[in-house]
Amino acid sequence: MTSGLRVAVVGATGVVGTTMLQLLREREFPASEIVPFATERSAGRQLDGLTVRALTADADLDGFDIVLFSAGGGTSRQWAPRFVEHGATVIDNSSAFRRDPDVPLVVAEVNPHALANHRGLIANPNCSTMQLMVALAPIHRAVGIERLVVATYQSVSGTGKKAIDELEAQAHADLHGMAMPAPEVYPEPIAFNVIGVAGSFADGDDHTDEERKMMFETRKILEDEAIGVAVTCVRVPVRIGHSEAVNVQTREPLTAAEAIELLAAAPGIVLEDLPTPLSAAGRDEVFVGRIRRDESHPRALSMWVVSDNLRKGAATNAVQIAEVLVDRDLVGASAPPQLAPRPDAQLAVDPPGVGADGLDADVERVGDLGV
Ligand SMILES: NC(=O)c1ccc[n+]([C@@H]2O[C@H](COP(=O)([O-])OP(=O)(O)OC[C@H]3O[C@@H](n4cnc5c(N)ncnc54)[C@H](OP(=O)(O)O)[C@@H]3O)[C@@H](O)[C@H]2O)c1
């Protein structure tokens, strides 16, 4: 195994970035140095004994082996290829490169084999898709999946730090008999509420980008373009932890007892009677419960899937990918040196109205929601 790697975390002051720093330490990743990058605003800030550097034109990009990006799609598009040109292997947490056929989209427990052909850039899937894939890949491998019907219940941390602050400010005001501050991140108040749309709408699309990501990424990760995916993404007033009500229609018959047996033996899954986001927060596994037969169809099961969106949904998987790269000697030099993002791939993830402000398409903006 390689040791003494130089690692950078871009977006290190964000909710995902701070979790990445924590996980690199917790999992004793073999780093000789970890350099946190953020905007100029955060330059000089101390994060657990590390000094934050600004990612600006004069930043020194030389000498990094692995760079974890979690700073929005615009930042990834601008900076990730530059780090690759300087010899680093980049694991990107935004949606910037996920649709590029030359960029592996990897869930560590599901398709690590896809890393073998990386060309310097690797994409980390969307948080809602990530937990779904861990829960469903064993079923797909055993009997094939024909169609999925999913409703997500996504926590506010999925939208970043500003959204956590918005939930807390609204809840605090309401509990103290004051008027809630007007929503800025979401189109409606999120405290004591449920918003039946998570993500942004591209012009002319009646599904959000979150919903489109689950459709596209499911097929890419499971390497099966024939899987039908019907999904509704919903935002709920939970700090950390996404939940999903999943109905899975299989190609071959599978009983609930057989599904339980399969999932009990699969990596990264914990079976529980009733998983909740509160109990999943701070954990790295995907929690699956309420596995039962769908009596309306001869080959369908229903289940409830919960995971910490900041950990397995983002930071844990990114660090697990880095671990696989080290174990399989796939860091940097073993891969062809450079990959520039393809213009057509960018168009595919940045339809008009989404990501136009240079922020990440994963992060909702009120103006884009069209509701
Ligand atoms: N939250 C989730 O559950 C989740 C899951 C999967 C993927 N993601 C993706 O992860 C990324 C970050 O999400 P987050 O929730 O951590 O957001 P966040 O809390 O808002 O943090 C954003 C981070 O990006 C940095 N940043 C922004 N623009 C930058 C630039 N031009 N150069 C360098 N750093 C820059 C910010 O630095 P400053 O502090 O200096 O502003 C901050 O560190 C997004 O792409 C998001 O879609 C998030």
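Assorted remarks:
- Taking label positions 7 Å along the Cα-Cβ direction at both residue 193 and residue 323, the computed distance is 4.0 nm, reported to one decimal.
- As a rough guide to protection, the peptides 96-105, 114-123 ranked by mean Cβ packing within 10 Å, highest first, stand as 96-105, 114-123.
- Kirkwood Rh, angstrom, segment 165-216 [1 / mean 1/r, Cα pairs]: 12.6 Å
- Computed over the chain: relative contact order in percent, which uses C-alpha pairs under 8 Å that are six or more apart: 22 percent
- Residue among 127, 149, 4 farthest towards the positive dipole end of the chain, charges placed on Cβ: 4
- Under the simplified labelling scheme, the residue 171-residue 27 pair shows an inter-label distance of 2.8 nm, with each label point 7 Å from Cα along Cα→Cβ.
- What you get for segment 1-158, charging only the Cβ of Lys and Arg (+1) and of Asp and Glu (-1), is a dipole of about 380 debye around the Cα centre.
- Length gained when the stretch residue 62-residue 40 is fully extended (0.36 nm per residue, less Cα-Cα span): 6.0 nm
- Per-residue Karplus couplings for segment 204-218, computed as 6.51 cos²θ - 1.76 cosθ + 1.60 with θ equal to phi - 60°, are listed in order as x, 9, 9, 10, 7, 5, 4, 5, 4, 4, 5, 5, 5, 5, 4 Hz, Gly and Pro entered as x.
- Sequentially through segment 49-65, phi angles give Karplus couplings (6.51, -1.76, 1.60; θ = phi - 60°) of x, 9, 9, 6, 9, 7, 8, 10, 3, 9, 5, 8, 9, 6, x, 8, 8 Hz, Gly and Pro residues having no value and appearing as x.
- Selected from 237, 227, 267, residue furthest toward positive end of dipole (segment 188-329; charges at beta carbon): 237
- A straight chain from residue 293 to residue 206 at 0.36 nm per residue would run longer than the Cα-Cα distance by 28.3 nm.
- Taken along the Cα-to-beta-carbon direction at a fixed 7 Å, the label points for residue 48 and residue 86 span 2.2 nm.
- Length-normalised contact order for segment 1-143 - Cα pairs under 8 Å, 6+ apart - percent: 18 percent
- Across segment 132-147, rounded Karplus estimates of 3J(HN,Hα) from the backbone phi angles (6.51 cos²θ - 1.76 cosθ + 1.60, θ = phi - 60°) give 4, 5, 4, 6, 9, 4, x, 6, 4, 5, 6, 10, x, 10, 8, 7 Hz, Gly and Pro being marked x.
No lab work stands behind these numbers, since they all come straight from the coordinates. Bear in mind that the values here come from a model prediction, so they are computed numbers and not experimental data. Please note: Cβ atoms are built from the backbone with ideal geometry, for glycine as well, and neighbour counts cover all protein chains shown.
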